[in-house]
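Asks: Structure incoming, see below.
The values are calculated or read from the model by the stated rules, or taken from the named source; none is laboratory data. All figures in this text were calculated on a predicted structure; none of them were measured in a lab. With ligands, DNA and RNA removed, areas are computed over all heavy atoms of the protein, side chains included. Shrake-Rupley method; radii C 1.70, N 1.55, O 1.52, S 1.80 Å.
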Amino acid sequence: MTQSAPVGAGLPLTVSRTGGFAGFNDQVQVGADGVATVTARGKDTIRCKLDPSLLTTLSTAAEKVDWASLTPSKPSTRHPDDMIIAVSANGKTARLEDPQLKPLATPVTTLLTEAAIPPGKLCTKI
């Protein structure tokens, strides 16, 4: 019996949010153990444990991305106040709006809105 090779490991992954009108510079690193390390400009680094439901959704979505065929790109600003949300995993980085990252759009947005803003209701501070 042969098992098909997974498309890509879901975790760890890093989400970064830079630019935009508000001048974001945030980064959320999510480890395979479900611990998120959140850094934001001008704020203390926070470590928190992701809610299992969000962790599962995020991990499952990341596993659906064909990281091997993804063309790595250094996300760059396309216009003034461009807010870049980029996801890095399996050695590749791409903008969230990249069609290949479509499965991650909702869980990453949830991660940034519900977990990364301390004390986010989906991330328990540790």
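Asks: Determine the distance separating the Cα centre of region 83-109 from the Cα centre of region 17-54; give it in Å without decimals.
Replies: Measuring centre to centre over Cα atoms gives 14 Å.
Asks: Rank 99, 107, 12 by mean-square fluctuation in a GNM of the chain with C-alpha springs under 10 angstrom and give only the top-ranked residue.
Replies: 99
Asks: Please list the non-local residues whose amide H lies under 5 Å from the amide H of residue 83, H modeled 1.01 Å from N, same-chain partners needing a gap of 5 or more.
Replies: Sorted by chain and number, the residues that satisfy this are 20.
Asks: Give the carbon-plus-sulfur fraction of the accessible surface of region 11-126 in %, rounded to a whole number; probe 1.4 Å, heavy atoms of protein chains only. List each step's numbers first, then the result.
Replies: On the way: 3510 of 6320 Å².
Ligands and nucleic acids excluded, carbon and sulfur give 56 percent.
Asks: If you project the alpha carbons of the chain onto the principal axes, what extent comes out on each, in Å, largest first?
Replies: Cα spread of the chain along its principal axes, largest to smallest: 53, 37, 20 Å.
Asks: ³J(HN,Hα) across region 100-115 via Karplus (A = 6.51, B = -1.76, C = 1.60, θ = phi - 60°), whole Hz, x for Gly/Pro?
Replies: Here the 3J(HN,Hα) series is 6, 9, 3, x, 8, 3, 5, x, 5, 4, 4, 4, 6, 8, 9, 10 Hz.
Asks: On the principal axes of its Cα set, how long, how wide and how thick is region 6-68? Give whole Å, largest value first.
Replies: Projected onto its principal axes, the Cα set of region 6-68 covers 38, 24, 16 Å.
Asks: Hey, what do the phi angles of region 65-74 turn into as Karplus ³J(HN,Hα) couplings, whole Hz, using 6.51/-1.76/1.60 and θ = phi - 60°, x for Gly and Pro?
Replies: For region 65-74, the Karplus-derived couplings read 7, 7, 4, 4, 8, 5, 7, x, 9, 8 Hz, x marking Gly and Pro.
Asks: In terms of the Cα gyration tensor, with a ≥ b ≥ c the square roots of its eigenvalues, is region 59-126 rounded because a/c is under 1.5, prolate because a/b exceeds b/c, or oblate? Walk me through the intermediate numbers first.
Replies: Values: a/c = 2.27, a/b = 1.32, b/c = 1.72.
Oblate.
Asks: Turning to a different aspect of this structure: Residues with amide H under 5 Å of residue 92's amide H, sequence separation 5 or more or different chain, H placed in the peptide plane at 1.01 Å from N; which?
Replies: Those lying under 5 Å, H to H, from residue 92: there are none.
Asks: Roll a 1.4 Å probe over the protein chains and send me the accessible area per residue for the chain in Å².
Replies: Details: 7280 Å² over 126 residues.
That works out to 58 Å² for each residue.
Asks: A follow-up question, please. Each residue of region 88-96 in order: what ³J(HN,Hα) in whole Hz does its phi give by Karplus 6.51 cos²θ - 1.76 cosθ + 1.60, θ = phi - 60°, with x for Gly and Pro?
Replies: 10, 6, 6, x, 10, 10, 8, 5, 4
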